[in-house]
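Nothing in this text is a laboratory measurement; each read-out follows from the coordinates by a stated rule. This structure is a prediction, so every number in the text was calculated from the model and none was measured.
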Amino acid sequence: MSNFAKPDFKCRHNINYWNHTNYLSFGPSAHSFWKNERWWNVSNIAEYIEQLQNHRLPLSGGEHLSETTLMEEAIFLGLRSEGIDLEEFRLRFARDLSIENSSSISSLIQKGLARMDNGIFRLTAKGYLVCDDICQSFP
């Protein structure tokens, strides 16, 4: 997992990021995400204050996330956290990972790197050690 927590003490704040939940953040270096748009504020506090005093948004950058980018992020964020609910993924992206990647999924399960729990594809402790490599094997 990206962050360690005792059972029932997971950071709901971070889970929102990992699930692409809309959020607004304020302050220097703060990042926001809303309707497939991500942007971030300047990091320098003096510049941040100056921008606000001049009635300008203190933005440092931003990006529009394409459907492909959102899908890729859903895969790697899902695998790094609670796993990928394959039905939810199919409904959201009109892509069936269990069919499109059936041989990869089967191989990962057979090697003990992943498991399937009630339609949720998730990594095992052994799989987390090679999570980045696993993520690259998906579209």
Per q in 0.12, 0.14, 0.15 Å⁻¹, report the Debye log10 I(q)/I(0) for the chain, using one uniform scatterer on each alpha carbon and no solvent.
-0.59, -0.74, -0.82
May I ask you to list, by number, the DSSP H helices of the chain whose Cα span along the axis is at least 15 Å and whose average Kyte-Doolittle hydropathy reaches -1.0 or more?
67-80
Value of Rg to Rh for region 68-136 (Rh from inverse mean 1/r over Cα pairs, i.e. Kirkwood)
0.92
In terms of modelled amide H atoms, which long-range or inter-chain residues lie less than 5 Å from the amide H of A114?
I109, T124
Between E67 and E87, what length comes free when the chain is fully extended (0.36 nm per residue of separation minus the Cα-Cα distance, one decimal in nm)?
5.5 nm
Per-residue ellipticity at 222 nm attributable to helices in the chain (runs of n ≥ 4 DSSP H, -39500 (n - 2.57) apiece, nearest 500 deg cm²/dmol) works out to -11500 deg cm²/dmol
